[in-house]
Structure formats: C-alpha cells, structure tokens
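Please treat every number below as a calculation from the coordinates, not as lab data. What you are looking at is a predicted structure, and each value in this text was computed from that prediction instead of being measured. Here the Cβ positions follow ideal geometry from the backbone for every residue, glycine too, while neighbour counts run over all protein chains shown.
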Amino acid sequence: MEDHVGLTWATATEKNSSHFIIERASADGVYREIGMIEAGASEKNHQTEYAYMDNMPLQGVSYYRLNQVDLNGAQETFESVYVDRTLKSNPNTIALNINGTLIPVSDLTFKPSDIEIYALDGSLIQGAGVVDFNSINLNVPSGVHLVRMFNGRDHISQKVFIP
C-alpha cells in the first residue's frame, strides 16, 4: 500500500487569492489542518494547477477538504473527498453508497440482509433491506453515525463519517 496520498486541484481563475488550507478528517468527522499551499499571485486569469502530498496518511478512511483563503481573510470551503486505505487489504470490507458517497464498512464475517443508520443519540435515521450494497440509495444527513448491519443471526455495528 502506498505510504502517501496525493491531492491535486486546479483553479480556472483567481482573484485576491492568498493560500489554500488542506484539512483531513478520520471517521470521527473532525477536520484538522495538515498543510498549506501559497496561491503564488493574488490574481490569475488562467488555469493554475496545485498539488499536495500527505506523507503521513491515516490508515482506514480519511476525508480531505480544501479551504481557499483570500487576501482579506475570507474563506471558501470545498466539498470533501475520501480516500480508503483499507478496501484492498481487507477482504471483509464492503462499501455502502450513501448520499452518492461510498462509505466503507469493514470486518464483515457474514452477508447482511438489512441495514440501519442511527444518530449518535441512538435515534434511528433510516433502515433498508439490502440486495446490493453498491446500489443502496440512502439519504442521510452528514455527520458521524452508527451503521448497523444484520441478518437473522449476526450483526455488526460501526461508526462512520458521512460527508
């Protein structure tokens, strides 16, 4: 497995740009700053490509997001992306398609027939019968939740972060 995660992005144009802050979150959903890239010039009328290398990535699933900071301190936060460093190494991992994002759930020792998603206060958000995990279309609010999968005999619960 690679010992780094490469992130790339591009801007079409820039006006009053100062720098970009790169943040990373684990399954706890708490973003922490891991790097900064200077914008170079405050105004650009052409596409500019940027790259950042996370040389100390987390094991498992990590979420990355980008904040663009202007010269006046105003910030814009962009949607997060996720990197899964467990799927290839754990044959007992599946990916649930929730809100159009694949959320890995690992350590399965059985084939689940049902799924329930709970808020951390224990309230049920949504449940569904399962035929194909990659085609489940659940509409779940972003945040840290508990996913419970089960069949008639076995169950597994795992905390996940849904961006």
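In whole percent, what relative contact order does segment 1-58 give with Cα contacts below 8 Å and a gap of six or more residues? The partial results should precede the final answer.
Working: 96 pairs, mean separation 29.2, N = 58.
Relative contact order comes out at 50 percent.
Just rank M36, M56, fewest to most, by other beta-carbon atoms within 10 angstrom.
Placing the least packed residue first, the sequence is M56, M36.
Taking 22 Å as R0, compute the FRET efficiency from the Cβ-Cβ separation of V144 and D3 and round it to 0.05. The partial results should precede the final answer.
Working: r = 27 Å, r/R0 = 1.23.
Taking R0 as 22 Å, the efficiency between V144 and D3 is 0.25.
May I ask you to derive the FRET efficiency for E76 and S113 from their Cβ-Cβ distance with R0 = 30 Å, giving the value to the nearest 0.05? Step by step, r from the Cβ atoms, then E = 0.10. Taking a sphere under 13 Å around the Cβ of S18 and counting the other residues whose Cβ falls inside, with K and R at +1 and D and E at -1, yields a net charge of -3. Summing charges over neighbours of V81, with a neighbour being any other residue whose Cβ is under 13 Å away from its Cβ, gives -2 when K and R count +1 and D and E count -1.
Taking the Cα centre of segment 17-78 as origin and assigning +1 to Lys and Arg Cβ atoms and -1 to Asp and Glu Cβ atoms, the resulting dipole is close to 120 debye. Counted by neighbouring Cβ atoms within 10 Å, the residues V30, V160, V144 run from fewest to most as V30, V144, V160. Each of S18, S123, S113 was scored by other Cβ atoms within 10 Å of its Cβ. Listed from fewest to most, they are S123, S113, S18.
Within the same chain, aspartates and glutamates fewer than 8 places from K44 are excluded, and of the rest, those with a Cα less than 18 Å from its Cα are E14, D70, E76.
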